[in-house]
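Engineer: Please find one structure pasted underneath; my questions will follow.
What follows draws every value from the coordinates through simple rules; no lab data is involved. Only a predicted model underlies this, so the values are computations on that prediction, with no experimental measurement involved. Cβ sites come from the backbone with ideal geometry, for glycine too, and all protein chains shown count toward neighbours.
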Amino acid sequence: MGEALARVLVVDDNEVIRQLIAVNLQLEGFEVHTAVDGQDCLEQVDEVRPDVITLDVMMPRLDGWVTVARLREREETSTVKVVLITARAQEDDLRRGQDIGVDAYVTKPFDPKELIGTVRGLAGAG
């Protein structure tokens, strides 16, 4: 068998959405790990060493924005590809994301195929 597809860390406080994303990525052959919020993501990231992180914006403890900023601050995680999943991708959100280094956006409600395509594109570009 060829090389394994990328490792993805799926971060969402909503279990249904988290499982939906995880299952769809697993079906595509990705190695998937999950985290329940930004804090959990940061605690797991060194161990998991993901190629791509999908991050919900609205989460308790640490939201997606703060989580991306923290990932970018650390050398070990500064180049991890980040897909921000947001209910509102308005101009100022997109600009803010660009400033802190978000690689892609998927807007809720999302089509799992669109998300997988985005993740696959980023993983291949890594």
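Engineer: Can you tell me which residue within segment 26-42, out of those that are among the aliphatic types (A, V, I, L, M) and in contact with a Lys or Arg (Cβ under 9 Å, 6 or more places away or on another chain), is nearest to ARG74 (Cα to Cα)?
Structural biologist: LEU42
Engineer: If you don't mind, there's one more thing I want to ask. I'd like to verify a number: residues in segment 33-59 that are out of contact with any helix residue (DSSP H, G or I) (no Cβ under 7 Å at 6 or more places or on another chain) and over 21 Å from PRO109 (Cβ atoms), how many?
Structural biologist: 8
Engineer: Within the set of pairs 6 or more residues apart or between chains, which connect a residue that is at negative phi and surrounded by 17 or more Cβ atoms within 10 Å (Cβ to Cβ) inside segment 104-118 to a residue that is of a type outside the set (S, T, N, Q) and assigned to a helix (DSSP H, G or I) with Cβ atoms less than 6 Å apart?
Structural biologist: Qualifying pairs under 6 Å: VAL106/LEU115.
Engineer: Hey, can you tell me all the residues within segment 33-76 that are acidic (Asp, Glu) and over 10 Å from the mean Cα position of the chain (by Cα)?
Structural biologist: Across segment 33-76, the qualifying residues are ASP37, ASP40, GLU43, ASP46, GLU47, ASP63, GLU73, GLU75, GLU76.
Engineer: Among the residues of segment 78-118, count how many are touching a Lys or Arg at 6+ places or on another chain (Cβ under 8 Å) and of a type outside the set (Gly, Ala, Ser).
Structural biologist: Result for segment 78-118: 5.
Engineer: Name every residue in segment 82-103 that is touching a helix residue (DSSP H, G or I) at 6+ places or on another chain (Cβ under 8 Å) and either of a type in the set (A, V, I, L, M) or on the phi > 0 side of the Ramachandran plot (or both), in order of residue number.
Structural biologist: Once the filter is applied, which keeps residues that are touching a helix residue (DSSP H, G or I) at 6+ places or on another chain (Cβ under 8 Å) and either of a type in the set (A, V, I, L, M) or on the phi > 0 side of the Ramachandran plot (or both), segment 82-103 yields VAL82, VAL83, LEU84, ILE85, ILE100, GLY101, VAL102.
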